[in-house]
Amino acid sequence: HDLVRADHESQFALDDWRRCAERGILRLMVPVEFGGQGADLATTMLTLEGLGHGCGDNGLTFALASQMMSTQVALCRFATDEQRTRWLPDLLDGTAFAALAMTEPGSGSDAFSLSATAEPLDDGSYRINGHKAYLTFGPVSDLCLMFASTRPDAGSWGISAFLVPTDLPGVERGEVREKMGMRTTPFGDIEFHDVVVPPDARLGR
């Protein structure tokens, strides 16, 4: 595609993303038993380095690495079988996008200073409120790996991670942010307004 125009107009190369998925790049670090290739870190690094060397679209290579390292690895290591079954197939074949929702306007990427909350409810579910910023795939994400505090009084010990589908009521995906570089990767904010998620949305313990 016309990379100069894509960069100028902040266009994401969806067709190229899907070609990368078809060739197994998104499956590299995923264990074989979860539908991946089981590649080690060095193999993955060399593959992405080679792709970056031959591909002029640095936004595409960044987006691939971002989803692979920030969300897919977490799903493989900490998710339940049910959570993996729900999300990994669509992420690995390139039909779904996941965003790591940690950064906030007031605290940056300092997870220990976040202000987002996940209030435990009597039925075991959680009510999530917060504003996450500068998220890779934020404006187009299907899933957020979202960090919030279930016990603000406990400081960093009260922080948990949640798998939040972005089609839930109360989830508002923002517009694509203008940037100085990597304009072919969609960055943006997501706001959570009284978003209720079930108990099994929590990742890990």
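The values are calculated or read from the model by the stated rules, or taken from the named source; none is laboratory data. All values reported here derive from a predicted model rather than from experimental measurement. Using ideal geometry, Cβ is built from the backbone for each residue, glycine included, and neighbour counts are taken over all protein chains shown.
Taking ALA161, is it closer than 15 Å to ALA116 by Cα, outside the structural domain of LEU14 (by TED's automatic domain parsing), assigned to a strand (DSSP E or B) and touching a Ser or Thr at 6+ places or on another chain (Cβ under 6 Å)?
Judged against the criteria, ALA161 is not a match.
Would you be able to say whether some residue in region 87-99 is assigned to a helix (DSSP H, G or I), under 14 Å from the mean Cα position of the chain (by Cα) and free of Cβ contacts under 8 Å to residues at least 60 places away in the same chain?
Scanning region 87-99, I find at least one residue that is assigned to a helix (DSSP H, G or I), under 14 Å from the mean Cα position of the chain (by Cα) and free of Cβ contacts under 8 Å to residues at least 60 places away in the same chain, so the answer is yes.
Here is a list: SER160, SER113. Which entry is free of Cβ contacts under 8 Å to residues at least 12 places away in the same chain and out of contact with any helix residue (DSSP H, G or I) (no Cβ under 8 Å at 6 or more places or on another chain)?
Going through SER160, SER113 in turn, the sole match is SER113.
Could you list, in sequence order, the residues of region 127-162 that are hydrophobic (A, V, I, L, M, F, W, C) and more than 23 Å from PHE62 (Cβ to Cβ)?
The answer is ILE128, ALA148, ALA154, TRP157, ILE159, PHE162.
Among the helices (runs of 4 or more DSSP H) lying completely within region 1-85, list those that include at least 2 residues that are more than 28 Å from ARG183 (Cβ to Cβ) and either in contact with a Lys or Arg (Cβ under 8 Å, 6 or more places away or on another chain) or in contact (Cβ under 8 Å) with a residue 12 or more places away in the chain (or both).
Here the list reads 41-54, 73-78.
Out of (1) part of a loop (DSSP other than H, G, I, E, B); (2) under 26 Å from GLN11 (Cα atoms); (3) at pLDDT 95 or above, the odd one out for PRO169 is which?
Of the numbered conditions (1) part of a loop (DSSP other than H, G, I, E, B); (2) under 26 Å from GLN11 (Cα atoms); (3) at pLDDT 95 or above, the odd one out for PRO169 is (2).
Count, please, the residues in region 172-205 that happen to be touching a Lys or Arg at 6+ places or on another chain (Cβ under 9 Å), farther than 30 Å from ASP2 by Cβ and assigned to a strand (DSSP E or B).
Adding up the residues that qualify gives 6.
With surrounded by fewer than 14 Cβ atoms within 10 Å (Cβ to Cβ) and touching an Asp or Glu at 6+ places or on another chain (Cβ under 6 Å) as the only criterion, which of GLU172, GLU82 stands out?
The match here is GLU172.
Taking region 105-139 as the region of interest, how many residues are buried (at least 20 other Cβ atoms within 10 Å of the Cβ), part of a loop (DSSP other than H, G, I, E, B) and modelled with pLDDT of 90 or more?
Of the residues in that region, 2 qualify.
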